[in-house]
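Please treat every number below as a calculation from the coordinates, not as lab data. Note that the structure is predicted; figures quoted are calculated from it, not measured. Because the Cβ atoms are built from the backbone with ideal geometry, glycine has one as well, and the counts that use them run over all protein chains shown.
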Amino acid sequence: MTVRVFVNPAAGQGAGAKFWPEIETGLRAALGEFDVVMTTRPGEETELARQGVADGVSHFIAVGGDGTMNGVLNGIMVDGAPAHAGIALSVIPAGTANELARAIGVHGDQPGAISAIADGREQWFDILQADCTGLDGGGHRHYGVLAVSWGGAAEIVYRTNHSPYLKKLGGRFSYYVNTLIVTLSYPMQRCELTIDNHVIADQLYYSGLICNLEYLGGGMRLAPGADPHDGIADFLFFKDIPRRQIILQKPSWLFEGHHIEHPKIDFQRGRDFAVKGDPGTLIDADGETIGRLPLTVTTLKQALRVIG
């Protein structure tokens, strides 16, 4: 199996560069020879992974956070499936957010991730295929393994990724500050939802998320019981919930999954989703801003082979 490692040295505010020498030593002891490419700018992983596909690479290892992983993922996917049947993805956590690593069982454990890759155990993960209006105004298709969100949740991610001064103080600090700001100021909007051909018209809401994993956003249990292998996504919908009821909740509210008990929060399952609403509403996939409404999301059952 031809192996290529994609390293994001900027991940985790420099953690990727800091830990890479030790990670490389461990990987070479476990796997032998492999190619290494270092990213130099956000989003470059996708281009580099596409080149890897063209070069015949079959095993792609992402060293960084979920953004690095998602960039590689979108480079190996073509028309709802990996570019060829032999492709596999692995992750070694070295970023601010490492939710796929958490789902695999190696969150914060780089030696454990290397050992798991060397053991060769495979899992098949569902993929969320999102089609929307791209940031350039044209049609855009993007793949995610964590979640696809729109509205307030996507606005928080966008502001976090575009707040250079706050990011200098720490990625998580920037996220929490922007969460507070957006929660207090983001306007309620209206949308039309379709879930597995069932239309729900004229919904007033704050944010919507289509989740593939149970834990997201730094360990928040946003989708209790979500199974990323069953071909079904978990839809979390924050309707017109009063802002004070969000702000005044206990910190454990989201981390323990108690939010789904709130009467203004819908939580249901489905395979295919469509959202129509304000065309200025941002959309996020795996922590990356990908476009604006309208949006369709299709769950691709066990479309991604993950080694680790």
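Quick check: from the Cα gyration tensor, does segment 1-133 come out rounded (a/c under 1.5), prolate or oblate? Taking the square roots of the gyration eigenvalues as a ≥ b ≥ c, segment 1-133 is rounded. By the rule of a C-alpha distance below 19 Å, with chain neighbours fewer than 8 residues away ignored, the aspartates and glutamates paired with K250 are E261. The shape of segment 65-214 comes out oblate: with a ≥ b ≥ c from the C-alpha gyration tensor, a/c is at least 1.5 while a/b does not beat b/c. Per residue of the chain, the DSSP helices (runs of n ≥ 4 H) give a summed -39500 (n - 2.57) that works out to -9500 deg cm²/dmol at 222 nm. Computed from Cα atoms, the angle from the helix 11-31 axis to the main principal axis of the chain rounds to 40 degrees. Expressed to the nearest 5 percent, the antiparallel share of DSSP beta bridges inside the chain is 80 percent. For the options A85, A49, A17, a Gaussian network treatment of the chain with springs between C-alpha atoms closer than 10 Å singles out A85 as fluctuating the most. Among D234, D136, D278, which one shows the highest mean-square fluctuation when the chain is modelled as a Gaussian network with alpha-carbon springs under 10 Å? Comparing D234, D136, D278 in the GNM, the peak value goes to D136. Of all the options Q123, Q245, Q110, the one that moves most in a Gaussian network model of the chain with Cα springs shorter than 10 angstrom is Q245. When each of the peptides 202-210, 33-41 is scored by the mean number of other C-beta atoms lying within 10 Å of its residues, the order from highest to lowest reads 202-210, 33-41. Determine the distance separating the Cα centre of segment 249-308 from the Cα centre of segment 51-98; give it in Å without decimals. About 21 Å separates the Cα centre of segment 249-308 from the one of segment 51-98. The C-alpha atoms of the chain define a longest principal axis, and helix 110-119 lies at about 70 degrees to it.
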